[in-house]
Amino acid sequence: MRVNKLFCALLAICVFLFWAIQLGCLRGSEDTNREDDDISGDDTDDDVDDDTDDDTDDDVDDDADDDSDDDTDDDADDDTCEASIELIDGDSSYPASGHTSLAIDADDALHVGYQKVINLSECSFANFWYATNKNGSWEKNLVEDGYCYYEHVSSDYYEKYENIGDSNDIVLDGSDSPWLSYNLNYFEHVYYADDITNYYTLEGFLKYTPIPAQIQILDSDTWSCDECSLSSYANYTGSANSMVLDDNGVAHIAYNKWKNEGWNYLAYTVAGTSAKDVSYLDICSGLIDDVSIAIDSNSNLHIIYLCGASLKYTTDASGSWESATVAPVHGAVYLSLAVDSGDSLHISYSSNDSLMYATNASGTWVITTVDADEDVGYYNSLVLDADNRAHISYYDEANGDLKYATNESGDWHICTIDSQGDVGKNTSIALDSAGMVHIVYTGENGLWHAAFSQGGPVD
């Protein structure tokens, strides 16, 4: 009996030890798994593997890191993504939703040209505005007012509208006074069902003004047709325009010009001259959807433009205008041009839903894909810093974000500046005297301003 009791006691001890060991191993296994989860982390946490890139980024340039992800790559600096953001003009019933232009004066005050749209019950139209914070707060002034009219009786209707500032640019003269170039589009449509009248009248104007407004018409075209296809006449004169001042304060403007035979011309004029002084620099069978002009240290002019499915470049550096193709392009194309201190050219543009960068600093055109994420690069704007490094603002259509890319450190770095709602269209970028980056853009029914340091966050 004593042996049996001893045997039972020993058996109980063995069972207890067995389960204690099993439970200890299980708890140890659970703790290990939790530690593993902490190390691997959620994709939104800081990656600790320098070679790990977020799968949402499909950058084709190995040197481009998207700072909007929390990569701990030594070359990526998340601080450059932090920005001070303010609303310049916001009204849901009267939104700023069109093209913007930006210039910064010697006192680091901002000057902005932008378009606002009025949506009525049966029609809409756009006005052109100017804003500045030179007196400490944002002051907004109407430059020119558009209008619309619509009448519908039975199956007949009549409509007309004026849109102002679909494309615009702004420069500052030697006294830091702003000058703006912009377009006016007039559209009229008459339809009578009984006799199948379908009559269109379109007018396009290129305009130029100082602030306060003293508007000058630099060029215009008008056409009318019955039973015609609007797709053949979709490019009003001036609907793409860009302006630069020379050392004498003379404004040089490059723009698209539509002529009745259905061709689109790259045109050039000097502000203050009559339309008969317009020069035609190139002719395109396709639309000229965007244009950008810059001037070098020798007062030579350089123009890039979209001609059909090609990004083209023309210059008067040889004494006469000469054109060449920089690269083929595909899809919706936006572009921007800057000239560096050595008179080399730098171009940002969109193609194949990607942000592209081209420069001839080496003597030939070298093209880089900066950001190849889905549907990026739209509404891009380019500026160079004192070291000839590029800073580019652009729109990420897939995510509805404002993004920024720079090769300031030698490699391309990308970050998201604003992701609050659908923001980042119609960007325009500039640097102030301290090297601070400023971007104006539209989104969420407003005109916005983001400011941030090239080297770190804004206090």
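The values are calculated or read from the model by the stated rules, or taken from the named source; none is laboratory data. Computed from a predicted structure; not experimentally measured. Here the Cβ positions follow ideal geometry from the backbone for every residue, glycine too, while neighbour counts run over all protein chains shown. Surface areas here come from the heavy atoms of the whole protein model, side chains and all, with no ligands, DNA or RNA. Shrake-Rupley method; radii C 1.70, N 1.55, O 1.52, S 1.80 Å.
Observations on the model:
- Model label points for ALA309 and GLU159, set 7 angstrom from Cα along the Cα-to-Cβ axis, are 3.1 nm apart.
- Portion, in percent, of the accessible area of the stretch 378-459 that falls on carbon or sulfur, probe 1.4 Å: 38 percent
- Percent of Cα pairs exceeding the 16 Å cut-off, where the set is the stretch 357-449: 54 percent
- The reciprocal of the average 1/r between distinct C-alpha atoms defines the Kirkwood hydrodynamic radius, which for the stretch 290-361 equals 12.4 Å.
- Computed P(r) (all Cα pairs; the stretch 132-175; 5 Å bins; percent): 5, 12, 14, 16, 16, 9, 9, 6, 5, 4, 3, 0
- Heavy-atom accessible surface of the stretch 131-244: percent carbon and sulfur, 1.4 Å: 43 percent
- The label-point distance for SER121 and TYR199, in a model that sets each label 7 Å from Cα toward Cβ, rounds to 2.8 nm.
- Here the extension length gained between GLU151 and CYS225 equals 24.6 nm, from 0.36 nm per residue of separation less the Cα-Cα distance.
- Accessible surface, per residue, of the stretch 295-408 when the full set of protein chains is kept, probe 1.4 Å, Å²: 35 Å²
- Residues in the stretch 149-165 carry Karplus couplings, in order, of 8, 9, 9, 10, 10, 6, 9, 9, 8, 9, 9, 7, 7, 10, 10, 10, x Hz; the curve used is 6.51 cos²θ - 1.76 cosθ + 1.60 with θ = phi - 60°, and Gly or Pro positions show x.
- Amide H contacts of TRP321: none lie under 5 Å away among residues 5 or more positions distant or on a separate chain (H built 1.01 Å from N in the peptide plane; Pro and chain starts excluded).
- Solvent exposure of the stretch 98-204 as accessible area per residue, Å², 1.4 Å probe: 43 Å²
- Taking the square roots of 5 times each eigenvalue of the Cα gyration tensor of the stretch 336-408, largest first, gives ellipsoid semi-axes of 22, 13, 8 Å.
- Equivalent-ellipsoid semi-axes of the stretch 76-219, from the Cα gyration tensor, Å, largest first: 36, 19, 12
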